[in-house]
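Take a look at the structure set out below.
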Amino acid sequence: MKTDKQLNALLYTIEQYPKIGRTKLMKFVFLVDLFVYNNCRETLLEDSYKRLKNGPVPSFAFANTDSSNEFFQIIKEPCDPERIIYQFSPTRKADVSDFSPRELQLFDTIIRSLKSHKTEEISELTHRFNLWKKVGNNEMIPLEDLKLDDYEYDDLESFVYFTDAVADAKQLDNLQNGDSDDYIPDDLVNLQLRTMCGEH
């Protein structure tokens, strides 16, 4: 069932990033579906997206992370008149058996990116996409609008993979200062190949 699949993806994300807030959790769902749609012309987590002021919001994920339920205990604390801080505690372990190793690798990449960027930076990224610009507030975004143009996809990929690229560059620098001068990390090679081949 698609709902179970998405809930398990949310549980997995919270396990990997216990301090994740609600906005970043919504961005996780959106970024996963955006990447998969642009590579496979279908979404993985199968949500529908509404345009809100902070970017596209997944309807199912949003509805199921507002208050405690059988999957999450949720504590809400007012931060200011416009913001509420959400703290999520899973009530069960994520079942990732429906996800392939490649899909879990995508999850981990996006989670690392979410950890390294401020919420405002991630929202600003989504505001650069035509899919958000072309519809009115509170309107649903048509699924086919998730197809990015080449410039937007490069922007998405650069933003999400930046954290891993920096980590790989540091690792490479450390290795070059040691005995293994000819070693290049696989993640860096794969990222370079995708960029060179224009893989979307």
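Among the strands (runs of 3 or more DSSP E) lying completely within segment 6-83, list those that include at least 2 residues that are buried (at least 22 other Cβ atoms within 10 Å of the Cβ) and out of contact with any Pro (no Cβ under 7 Å at 6 or more places or on another chain).
Working: elements: 49-52, 55-58, 72-80.
The qualifying strands (runs of 3 or more DSSP E) are 55-58.
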Notebook entry, point to check: Among the residues of segment 126-157, which ones are outside any loop (DSSP other than H, G, I, E, B) and touching a residue at least 60 places away in the same chain (Cβ under 8 Å)?
Noted result: Thr126, His127, Leu131, Trp132, Met140, Ile141, Leu143, Leu146, Tyr153, Leu156
Margin query: Against the conditions (1) in a loop (DSSP other than H, G, I, E, B); (2) at pLDDT 95 or above; (3) more than 21 Å from Lys19 (Cβ to Cβ), where does Asp182 fall short? Just the number, please.
Written below: (2)
Note to self: I need the full set of residues from segment 84-112 which are touching a residue at least 12 places away in the same chain (Cβ under 8 Å), under 23 Å from Thr163 (Cβ atoms) and assigned to a loop (DSSP other than H, G, I, E, B), in order please.
What the structure shows: Ala94, Val96, Phe99
Item checked: Near pairs, Cβ below 7 angstrom, 6+ apart or cross-chain, from segment 2-18 (farther than 14 Å from Thr65 by Cα) to any residue that is of a type in the set (Lys, Arg) and in a helix (DSSP H, G or I) -> Tyr17/Lys115
Check: Is it the case that some residue within segment 25-40 is over 22 Å from Lys118 (Cβ atoms) and either without any contact (Cβ under 8 Å) to a residue 12 or more places away in the chain or in contact with a strand residue (DSSP E or B) (Cβ under 7 Å, 6 or more places away or on another chain) (or both)?
Finding: yes
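The values are calculated or read from the model by the stated rules, or taken from the named source; none is laboratory data. Quantities reported herein were computed from a predicted structural model and do not represent experimental measurements. Positions of Cβ are backbone-derived with ideal geometry, glycine not excepted, and every protein chain shown enters the neighbour counts.
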